[in-house]
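What follows is a set of notes on a single structure, which appears directly below.
The values are calculated or read from the model by the stated rules, or taken from the named source; none is laboratory data. Values in this document were obtained by computation on a predicted structure and should not be read as measured data. Ideal geometry is used to build each Cβ from the backbone, glycine not excepted, and the neighbour counts take in all protein chains shown. With ligands, DNA and RNA removed, areas are computed over all heavy atoms of the protein, side chains included. Shrake-Rupley method; radii C 1.70, N 1.55, O 1.52, S 1.80 Å.
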Amino acid sequence: MTRYAIIVGAGSGLSAAIARAAAADGFKLVLVARDIAKLAPMVAELGARAIACDACEPHAVERLFAVAERDFGVPELVVFNAAYRARGSIIDIDPAEVEAALRNNALAGFLVGQGAARLMLPAAKGSIFFTGATAGVKGFSGSAPFAMGKFALRGLAQSMARELGPKGIHVAHFIIDGGIAGTRGSRAVNEDDVLLSPQAIAETYLSVHKQHRSAWTQEIDLRPWNESF
């Protein structure tokens, strides 16, 4: 069957860099987003397949993996790159925003991880990667919902790695500890290496995927070289 990767939360920035790196490595691509119209240029560029899916909805995720398996077989790599950021004072923030952050960061990660594992386990191989953030290591003032979601995602990745690693599935969590060039209004040109290069991050994802199972990385922290600790 086709050697392919699924990227959930596809769009511009990091997910686009991961898609291009995977395509250059010979992967066919399934790009997943709620709104797939925005993916048309990348679909054309990479010869990818776009599938619309709300990763917070169990039935939608089940359908995603059923369609992917039917059309391509078992994925070699699944990347969960979706996120939802909610900001506000702990005394003022709308509980609905907190729920949305937990659903989009934690529940969606669980559903995608579960769906990927169900396909990969019979073959006893494959990689499931989760994109984390600084907020998964330390919470910031005014950003409790995002920290809650990212801490949960990190715990999910750790639990899955311990359960699935002995069964041949490589699960890893990537802490993106800093801003990424060209995303969320940041500078597209990374003049002083203040921001992380999305291409460099993508190369790391592919490198971790290729690791021999005798020396698997389960978590990696990526940050600009000149960032103060």
query = Within region 117-164, which residues are touching a Ser or Thr at 6+ places or on another chain (Cβ under 9 Å), of a type in the set (A, V, I, L, M, F, W, C) and within 17 Å of residue 56 (Cα to Cα)?
reply = 153
request  = Return yes or no: is residue 83 among the small types (Gly, Ala, Ser), open to solvent by less than 30 Å² (accessible area, probe 1.4 Å) and in contact (Cβ under 8 Å) with a residue 12 or more places away in the chain?
outcome  = no
task = Spot the failing condition for residue 124; the list is (1) open to solvent by 10 Å² or more (accessible area, probe 1.4 Å); (2) in contact with a Lys or Arg (Cβ under 7 Å, 6 or more places away or on another chain); (3) under 24 Å from residue 178 (Cα atoms), and only one is missed.
result = (3)
message = Of the conditions (1) at pLDDT 95 or above; (2) open to solvent by 10 Å² or more (accessible area, probe 1.4 Å); (3) farther than 19 Å from residue 69 by Cα, residue 130 satisfies every one except a single condition; which number is it?
response = (2)
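Could you identify the single residue in 78, 67 that is within 17 Å of residue 27 (Cα to Cα), in contact (Cβ under 8 Å) with a residue 12 or more places away in the chain and not acidic (Asp, Glu)? Even if it seems obvious, please write down each step before you answer.
On the way: 67 fails: within 17 Å of residue 27 (Cα to Cα).
Selected residue: 78, the only one of 78, 67 that is within 17 Å of residue 27 (Cα to Cα), in contact (Cβ under 8 Å) with a residue 12 or more places away in the chain and not acidic (Asp, Glu).
So is residue 3 modelled with pLDDT of 95 or more, more than 24 Å from residue 156 (Cα to Cα) and in contact with a Phe, Trp or Tyr (Cβ under 9 Å, 6 or more places away or on another chain) or not?
Details: modelled with pLDDT of 95 or more: no; more than 24 Å from residue 156 (Cα to Cα): yes; in contact with a Phe, Trp or Tyr (Cβ under 9 Å, 6 or more places away or on another chain): yes.
No.
Given the residues 178, 165, which is the only one that is outside any loop (DSSP other than H, G, I, E, B) and in contact (Cβ under 8 Å) with a residue 40 or more places away in the chain?
On the way: 178 fails: outside any loop (DSSP other than H, G, I, E, B).
After ruling out the rest, the residue left standing is 165.
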request  = Report yes if some residue within region 152-164 is among the basic types (Lys, Arg), buried (at least 19 other Cβ atoms within 10 Å of the Cβ) and either touching a strand residue (DSSP E or B) at 6+ places or on another chain (Cβ under 9 Å) or at pLDDT 90 or above (or both); otherwise report no.
outcome  = yes
query = Name the residues in region 39-64 that are open to solvent by less than 10 Å² (accessible area, probe 1.4 Å) and part of a helix (DSSP H, G or I), would you?
reply = 39, 61, 64
message = Suppose the filter is under 15 Å from the mean Cα position of the chain (by Cα), closer than 24 Å to residue 89 by Cβ, buried (at least 19 other Cβ atoms within 10 Å of the Cβ) and touching a residue at least 60 places away in the same chain (Cβ under 8 Å); does residue 149 pass it?
response = yes
inquiry  = Taking the criterion of being out of contact with any helix residue (DSSP H, G or I) (no Cβ under 9 Å at 6 or more places or on another chain), surrounded by fewer than 19 Cβ atoms within 10 Å (Cβ to Cβ) and in a helix (DSSP H, G or I), would at least one residue in region 100-112 satisfy it?
reply    = no
inquiry  = If I filter region 20-38 for residues that are open to solvent by less than 30 Å² (accessible area, probe 1.4 Å) and on the phi > 0 side of the Ramachandran plot, do I get at least one hit?
reply    = no
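Scanning for something hydrophobic (A, V, I, L, M, F, W, C) and either modelled with pLDDT of 85 or more or surrounded by 13 or more Cβ atoms within 10 Å (Cβ to Cβ) (or both), does region 184-193 turn up at least one residue? Break it down into steps so the answer makes sense when it comes.
From region 184-193, those hydrophobic (A, V, I, L, M, F, W, C) are 188-189; that's our starting set.
From what is left, the residues that are either modelled with pLDDT of 85 or more or surrounded by 13 or more Cβ atoms within 10 Å (Cβ to Cβ) (or both) are none.
No - not one qualifying residue is present in region 184-193.
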